[in-house]
Each structure stands twice: as structure tokens, then as C-alpha cells.
Amino acid sequence: MPLQGKIKESAVLFENNKSQKKLTLTESMNSLQEDNDQKSILIGETEARWRVVEEAWRKNLSPLLILDEREKSFYTTVNDHRINLRSAVETLLPYQFGTCFYCRCLLDESLHHMEDQFPDVDHVMPLSLLVRQFPQSDFNPNGVWNLVISCKRCNRGKNGKFNTIPNEALYEQLFRRNVYFTKEHKHSMRFSVLKSLAVLSVPEMIKRMKDIYNPFKFIRGWTPNV
């Protein structure tokens, strides 16, 4: 289901004048100088994205090849060579307002990795299950379309998700997030989602995501213990 609405005028930071090939900063951008909290979030997210791209360029790797391991770090992988991209957590987390994708509790990266509110990186659709169900598929089960930030409790705690199927409502939530990335955001997240699903357009992405969940839609599925 497509998201409704546009970015609020108060949230627009610049105006793009294509005919004159120039950017004009708005009052909202100027107001960030007076809001230290919002300025810190914006700087942190920008630096996190840049580190991911810069590391990929330095190693001649694609930043689209992102997956998570049991220790919950991001990596790029080429021919078994791994580069740690844990900083990518800072890129995804702002879109979840610093909360767990599943139960919405606040996350804290400063915590020990065994604390309930430590941010894990999770496959919404379990990797092992997708590989078995779609052995010949051209989409990437490790792609950003299937990755979210979860609290340790939901991901691997008592009654956690582990390698189970999410319920349909959670998959719908992932679906809506990816629609947001591809329809509302004209930046690299759009390309990352489309590329990892091996599609070229938003309608193709919608169909692909529905096709992926269809074999499992009659399973009750996991839900967080909120």
C-alpha cells in the first residue's frame, strides 16, 4: 500500500532550480544551526552514509552488497573478503526514529551487545528460508530491502524472532518502508532497494515483494512480545 502525503514544507532544506542549475537554502536549513539536537542527527547520518560509500570506493567494492552476521555487523563481501561496515547502522536507524523495527523500544548503541536494547541488524525474511524457497532467484536476500534494526530482545532474546517468518503485519510494515525509500526519497536508498530486489521500477518492486511473501502468507508468523 503506497504511502500518502509529501514532505512537509517546514522540513524542506533546499530548493533545486534545475533550469538555473543552482540550490537555494531555505529558512529550515538556517534554523538547524539553532537546533543542536537536529543538527547532530543530520551530521551523524550524513557522515555515516559517506563512510559507507568512501569505504566501498577505497576497496573498489559496491556498497549495495550488505549483509549481517550473527555478531550483528554490516559487511561488504567480495570473494570472501569482508570489510566491516557497522557504521551503516547509523544510516538505517534514523528512519526508525532510533527505535526497534518490531517493538518500537528505544535503542542504544552504547549498551553491551547482550543488553535487551542493543541494536541488532536483522533479516525480516530469514536468509536460510529465502535461499531454500528461491534457490534460482536473482534478488539478493541480504539486500537492504530485507534489513532492519532490531533490539536484541526481539531478534535473539527469549521469545525472539530468530529464523522465523514475521507475521503479515510486520511484512506490510517492511513493504511500506521500502515504498517510502523508492517513491518519496530520491537518493541512494531508492537505488539500493531496487538493485537488491533485481527490479527497475516501483511497480516491479511491489510485485516482487508480494511474490516473496506469498508462499508464507498462510503461516501465522512471529509477532513481538510488546
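Computed over the Cα atoms of segment 95-172, the ratio of the radius of gyration to the Kirkwood radius (Rg/Rh) comes to 0.99. Shape class for segment 168-226, computed from the alpha carbon gyration tensor (a ≥ b ≥ c): oblate, with a/c not under 1.5 and a/b at or below b/c. Taken over the C-alpha atoms, segment 92-226 has Rg and Dmax values of 14.6, 41 angstrom. Sorting the segments 122-130, 139-147, 199-207 by their mean number of nearby beta carbons within 10 angstrom, highest to lowest, gives 139-147, 122-130, 199-207.
Sort 155-161, 210-216, 17-23, 192-198 for me by packing, meaning the mean count of neighbouring Cβ atoms within 10 Å per residue, highest on top.
Packing order, densest peptide first, comes out as 192-198, 155-161, 210-216, 17-23.
Read-outs throughout are calculated quantities, based only on the coordinates presented, and are distinct from any laboratory measurement. As the structure is a prediction and not an experimental result, all values here were calculated from the model. Cβ coordinates were reconstructed from backbone atoms using ideal geometry, including for glycine residues, and neighbour counts include every protein chain displayed.
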